[in-house]
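Student: Sharing a structure below in structure tokens format, with a few things to ask.
The values are calculated or read from the model by the stated rules, or taken from the named source; none is laboratory data. Since the structure is predicted, the reported quantities are computational estimates derived from the model, not experimental observations. No Cβ is skipped: glycine too gets one built from the backbone with ideal geometry, and neighbour counts run over all protein chains shown.
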Amino acid sequence: MTFVVVLVGWIFSLCLHEFSHAVVAYLGGDTTVREKGYLTFNPLKYTHPVYSLLLPLLFLVMGGIGLPGGAVYIETWRLRSKRWVSAVSLAGPLSNLVLAIVLAVVLRLAPVDSSGIWPGLAFLALLQVTAVVLNLIPVPPFDGFGAVEPHLKEEARMRLAPIRGAMLWIVFLVLWYVPLVNKMFWDLIFFLSRLIGVPLTLASAGLNQFLFWR
């Protein structure tokens, strides 16, 4: 049950993340997102075989990290200002934060125990927090960089261009193999999770149940 709850919940959160990007882009002037079908909750509209399926599942299995992997192509030149470009990028992580808070409130108010759907919901809430923190890292291809990129000088953007494709892997290699960075990352995740009321013990049980094959 936990595996199903987390998987279905993660697909929903993926759609919510990308839908949020699209809605803000539409409000900011890129009306093409409507013709592309992004103003829906249809997962197939956001699917990319590597970024939507392979990588998110890989990182879930490797350590319970929520990697939003949708693909919404925004025509940023249609947006009315640099502020709208930044707002489009930040809309996705904000949706993960809102969902994490909603789940935390449900877990606080409901008669929760360590059976049924509750461990899965707690783990799903923790995944949302990891998605927020990861996405706000200000390097490509994360949304945090998308928020600051419009305000960078052209020279800085050109210097980053050759390494954009490798930055995702560099970030995760650093997170996995540099103990200090790994500790700081998870300390921040746990601090934010406790702050919004995610029950970490239940989330840990949810992780163990999700990875039932271990």
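Student: How about the range 180-203: which of its residues are small (G, A, S) and not in a helix (DSSP H, G or I)?
Tutor: Selection gives G197 alone.
Student: Also: Considering only residues that are of a type in the set (S, T, N, Q) and closer than 14 Å to F145 by Cβ, which ones fall in the range 65-95?
Tutor: Matches in the range 65-95: T76, S86, S89.
Student: Considering the range 140-156 alone, what residues qualify as being over 18 Å from L55 (Cα atoms), without any contact (Cβ under 8 Å) to a residue 60 or more places away in the chain and not acidic (D, E)?
Tutor: Hits for the range 140-156 are G144, F145, L152, K153, A156.
Student: Using beta carbons and a limit of 7 Å, which pairs, at least six apart or on different chains, have the first residue in the range 173-190 and under 13 Å from I137 (Cβ atoms) and the second one at pLDDT below 90 and among the hydrophobic types (A, V, I, L, M, F, W, C)?
Tutor: Listed pairs, sorted by first residue: V181/L175; F185/L175.
Student: May I ask you to list the residues in the range 1-39 that are of a type in the set (A, V, I, L, M, F, W, C), assigned to a helix (DSSP H, G or I) and in contact (Cβ under 8 Å) with a residue 60 or more places away in the chain?
Tutor: Selection gives F3, V4, V5, V6, W10, L16, F19, V23, V24, A25.
Student: Same structure, new question: For the condition farther than 19 Å from V6 by Cβ and in contact with a Leu (Cβ under 9 Å, 6 or more places away or on another chain), what is the one hit in V171, V198, V148, V178? Before you say what the answer is, go through the steps one by one.
Tutor: Details: V198 fails: farther than 19 Å from V6 by Cβ; V148 fails: in contact with a Leu (Cβ under 9 Å, 6 or more places away or on another chain); V178 fails: in contact with a Leu (Cβ under 9 Å, 6 or more places away or on another chain).
Result: V171 is the single residue among V171, V198, V148, V178 that is farther than 19 Å from V6 by Cβ and in contact with a Leu (Cβ under 9 Å, 6 or more places away or on another chain).
Student: Could you check F191 against (1) among the aromatic types (F, W, Y); (2) surrounded by fewer than 14 Cβ atoms within 10 Å (Cβ to Cβ); (3) farther than 25 Å from S20 by Cβ and say which number it fails?
Tutor: Looking at each condition in turn, F191 falls short on (3).
Student: Here's a follow-up. I need every pair where a residue in the range 119-136 that is within 12 Å of Q209 (Cβ to Cβ) has its Cβ under 6 Å from the Cβ of a residue that is hydroxyl-bearing (S, T, Y), sequence separation at least 6 or different chains.
Tutor: Once the first residue is within 12 Å of Q209 (Cβ to Cβ) and sits in the range 119-136, its partners that are hydroxyl-bearing (S, T, Y) give P119/T2; G120/T2.
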